[in-house]
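Here's the structure, in structure tokens; my notes come after.
The values are calculated or read from the model by the stated rules, or taken from the named source; none is laboratory data. Worth saying up front: this structure is predicted, and the values here are computed from it rather than measured. Quick reminder, even Gly has a Cβ in these numbers, built from the backbone with ideal geometry, and neighbours come from all protein chains shown. Surface accessibility is based on the protein's heavy atoms, side chains included, excluding ligands, DNA and RNA. Shrake-Rupley method; radii C 1.70, N 1.55, O 1.52, S 1.80 Å.
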Amino acid sequence: MANLPAQLTSFIGRDEQIEQAIRLLGSSRLLTLTGPGGVGKTRLALAIATVVRDRFQDGVVFVSLASVTDADNVASTIATVLGLQATSDVAPKDQLATFLRSRETLLVLDNFEHLLAATSLISDLLIECSALKMLITSRIALRIVGEQEAPVPPLALPDPDDNSSFDALAQSEAVALFIQRAQTSRPEFMLTANNGNAVVGICRRLDGLPLAIELAAARTRILTPQDLYRRLDHILPVLVGGARNLPARQRTISDTIAWSYNLLPSADQRLFRMLAMFPGGWSLECAEAVSDPNTNVLDSLTTLVDHNLARRTAQADGSTRYSMLETIREFGLEQLRTLGEDDEVYQRHLDFLLHAFSESERDWHTPQVAGWLRLGDAEKENVRFALEWAIANNPISGLRLARFFAWYWFMRGSVPESQRWLIQGLANAGNVPDDLRAHVLWGIGSNATILGDFTQARAAQEDARAIYSDLGDDVGVGNCLHGLSRIAHFSGDVDPAVDLYESAVEIFRQHHHPRLMVTLSNLGLALLQTKQLERASVVLDEALALAERHGHVWHVAQILNVQGDLALARGELPSARRLLRRCVQITYDAGDPRFLAQTFESCAWLATHEGAVSHAAQLIGAVARLRDTIGVPVPPLARRDYNRHLPVIEAQLGAEGWQHEWTIGYGLLLSNAIDVALEGLKDIPIVSPSQRGSLTDREIEVLRLIAGGRSNKEIASELCLSIRTVERHINNLYRKIDAQNKADATAFALRHDLA
């Protein structure tokens, strides 16, 4: 017996899931495919059943339960499909047990999520029918003894960093599905250089959800992929018009999600709508902050995860965050608006973020900055979402949030975004309290300096300085003096910058303010650039001592960079190499691409002095990519270094060679660019080329620490690297020396005098 419905379209991908399911069916008698609506559970179940049907002597039977509304009717529905005649004296459940007891059958039950009251039927049949196996699709696991759950993920998406050809991109499951379904509407459709980025963008925007991709692809009858992608800011209105022979719940993506949503109790529906406010995901604490006072958030959140309306993700630090697929989240927002709850929940969302970041400013110059950066990484999408509402509806609170978050944007190199929110917020806010206005103006001035708009920067800093002076806020005045110093400095007017820095230093020293170390660092750079080398050395030593005392590694890296430049100016190349090496390591782990670009520039000028012009050209290419990515130009003062060094590099490489090396550097991923920088900063090799083989200096350092019995965490701490980076070096090291474990690596180190 086999009644598998014929499929009118071909099945794309899922090889890994099919193989896994077949293995699980070999050891389990009940396999449940779970996942959100539209993820392709039914198609996957049919593909699995097709592969294994010859393994069941009495066949494979497919039963669709989508139209069954009463759990009491599940047994009779299955019996009807099996061809059993209903009788008045035998219950359908007993009929099934009698019929299946001696048969080796695979029973495929499709769409079980709304019939969970019938789980006892499933359990009883498996107990009474020893040769029976079941494959069930459900948005919710059955949670009965003997069940093996197999979550069905969305289709695989292209790697965001993949620069492969369009032929290679077309092999991605999600892209392949879009292409094939688009060709059913337009047979001439092809992935091309013109539409390829849009197609990939569509698939990513739809989270690889097969039904959403199919509905989107159907729109290519009248829209180009580029037009379609632009319309996906609002997904649900676009994803309609499914085939008429599809079940009603699958003809639009809204209907598909509504099927799951309507199965929830009202309290869980309410929390679902609220959590749709978090495009960047949320923690349990976030959910509790925005929920109603009497809601059992943990229980409701568990229900949402069980129904595949929310996803759980374990974080590297052992915590848990939750998120929604974008189509599901938009449905939740639509429900929020329909029920008139949006303003209330938007305000709760904003209040939560204001509270979460309200104390961040006090820690920006302390070791605690790392924790705030991690929180910012987690919440940045939520902050953007909150600001979009707040700027129009609660501009003062929105401006406060933009102020609190400005340091995060600064540290992560997102200066243009910070500037946009601060300027827009100030324009919309109207009657802003003086202290808030001054701080926002100071932030606008600081951002404008980095972005090279010195006229705007000077006006904003002077306005902020006047307000701080009226308020009697000496530290605020010092901040503005420091800001004005940087404007003069960045624009190339270094002598006045020195005087302004010294005025700011005096204020910060009087108040024992941690910004003193930053101002001293900048003063040291200005003194270096005015050829006051000895004084620069004294100032930088004080700055470094303060930064190390405060435990602020980001400022330590900044000062090391300037000290490296000073050593280079003195002709002390080995010292410059060591200082910049440590600076690169710290800066990469701190995650500031703006400062990393400056550090790469210093490394490139050192390489130029040492004659390694190919290396220097690659680093300048990597800098160009970093600056293009974050939208921060080369400052006029730094342009002087470019004007001095680039002609030397190009003269030695030739125009063609310079362009070749620069292009290589521009194409490097950040992690690879770090490796290039560190390779150029290596000390004299300790072992001969034949001994070290292809090991880099970093790998030799890691090898020595492994041989010394250090754990990965200890190695990361000693070398100022992330554990992920250490693991990458260890994997490369093992591959190069043919080691399987740390014992093998230690033996290699001993043989080559590296222990």
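Here are a few things to note about the model shown:
- Flag for residue 713 being within 26 Å of the chain's Cα centre (by Cα), farther than 21 Å from residue 675 by Cβ, open to solvent by 50 Å² or more (accessible area, probe 1.4 Å) and modelled with pLDDT of 80 or more: yes
- When residues of region 609-627 are limited to those that are of a type outside the set (A, V, I, L, M) and closer than 17 Å to residue 659 by Cα, the one least open to solvent (accessible area, probe 1.4 Å): 621
- Search result, residues across region 527-547 that are closer than 12 Å to residue 565 by Cα and either under 37 Å from the mean Cα position of the chain (by Cα) or β-branched (Val, Ile, Thr) (or both): 540
Rundown of residues vs (1) in contact with a Lys or Arg (Cβ under 6 Å, 6 or more places away or on another chain); (2) within 29 Å of residue 143 (Cβ to Cβ); (3) modelled with pLDDT under 90, yes/no style:
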{"position": "244", "(1), (2), (3)": "no, no, yes"}
{"position": "259", "(1), (2), (3)": "yes, yes, yes"}
{"position": "268", "(1), (2), (3)": "no, yes, no"}
{"position": "280", "(1), (2), (3)": "no, no, no"}
{"position": "324", "(1), (2), (3)": "no, yes, no"}
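- Residue within region 552-560 that is modelled with pLDDT of 85 or more and in contact with a Phe, Trp or Tyr (Cβ under 8 Å, 6 or more places away or on another chain) present: yes
- Taken over region 308-346, the residue count meeting the criterion of being over 24 Å from the mean Cα position of the chain (by Cα) and closer than 17 Å to residue 380 by Cα is 0.
- Filtered residues of region 164-219 (kept if among the acidic types (Asp, Glu) and either open to solvent by less than 50 Å² (accessible area, probe 1.4 Å) or more than 23 Å from residue 36 (Cα to Cα) (or both)): 167, 173, 188, 207
- Annotation: residue 226 fulfils all but one of (1) closer than 28 Å to residue 344 by Cβ; (2) open to solvent by 50 Å² or more (accessible area, probe 1.4 Å); (3) modelled with pLDDT of 90 or more; the unmet one is (1).
- Yes/no for residue 743 being modelled with pLDDT of 80 or more and assigned to a helix (DSSP H, G or I): no
- Residue count, region 82-92 (criterion: in contact (Cβ under 8 Å) with a residue 12 or more places away in the chain and surrounded by fewer than 16 Cβ atoms within 10 Å (Cβ to Cβ)): 1
- Matching residues in region 28-45 - criterion: being open to solvent by 10 Å² or more (accessible area, probe 1.4 Å) and assigned to a helix (DSSP H, G or I): 41, 42, 43
- Positions within region 384-407 being under 19 Å from the mean Cα position of the chain (by Cα) and crowded, with 23+ Cβ neighbours inside 10 Å, in sequence order: 386, 405
- Of the numbered criteria (1) open to solvent by 50 Å² or more (accessible area, probe 1.4 Å); (2) under 30 Å from residue 19 (Cβ atoms); (3) touching an Asp or Glu at 6+ places or on another chain (Cβ under 8 Å), the one residue 101 fails is (2).
- A single entry from 321, 337 fulfils the requirement of being touching a helix residue (DSSP H, G or I) at 6+ places or on another chain (Cβ under 9 Å) and not hydroxyl-bearing (Ser, Thr, Tyr): 321.
- Residue ID - nearest to residue 308 (Cα to Cα), chosen from residues in region 15-39 that are within 27 Å of the chain's Cα centre (by Cα) and β-branched (Val, Ile, Thr): 34
- Taken together, 109, 132 contain a single residue that is in contact (Cβ under 8 Å) with a residue 40 or more places away in the chain, in contact with a helix residue (DSSP H, G or I) (Cβ under 7 Å, 6 or more places away or on another chain) and more than 18 Å from residue 305 (Cβ to Cβ), which is 132.
- Pair list, Cβ under 8 Å, 6 or more apart: region 465-490 residue farther than 16 Å from residue 447 by Cα, other residue basic (Lys, Arg) and surrounded by fewer than 20 Cβ atoms within 10 Å (Cβ to Cβ): 467/437; 475/515; 478/515
- Consider region 164-195 and keep the residues that are charged (D, E, K, R) and modelled with pLDDT of 85 or more. The one that is farthest from residue 225 (Cα to Cα) is 173.
- Residue selected from region 47-73 under the condition part of a helix (DSSP H, G or I) and closer than 22 Å to residue 152 by Cβ, by the criterion most open to solvent (accessible area, probe 1.4 Å): 55
- The selection criterion, being within 30 Å of residue 262 (Cα to Cα) and touching a helix residue (DSSP H, G or I) at 6+ places or on another chain (Cβ under 7 Å), does not hold for residue 84.
- Leading residue by the ranking (most open to solvent (accessible area, probe 1.4 Å)) among those in region 559-608 that are closer than 19 Å to residue 682 by Cα, of a type in the set (Asp, Glu) and touching a residue at least 40 places away in the same chain (Cβ under 8 Å): 589
- Among the residues of region 408-444, those that are surrounded by fewer than 20 Cβ atoms within 10 Å (Cβ to Cβ) and not in a helix (DSSP H, G or I) comprise 430, 431, 432, 433.
- Hey, residue 656 surrounded by fewer than 13 Cβ atoms within 10 Å (Cβ to Cβ), at pLDDT 85 or above and assigned to a helix (DSSP H, G or I) or not: yes
- Region 318-368, subset in contact with an Asp or Glu (Cβ under 6 Å, 6 or more places away or on another chain) and part of a helix (DSSP H, G or I), residue most open to solvent (accessible area, probe 1.4 Å): 326
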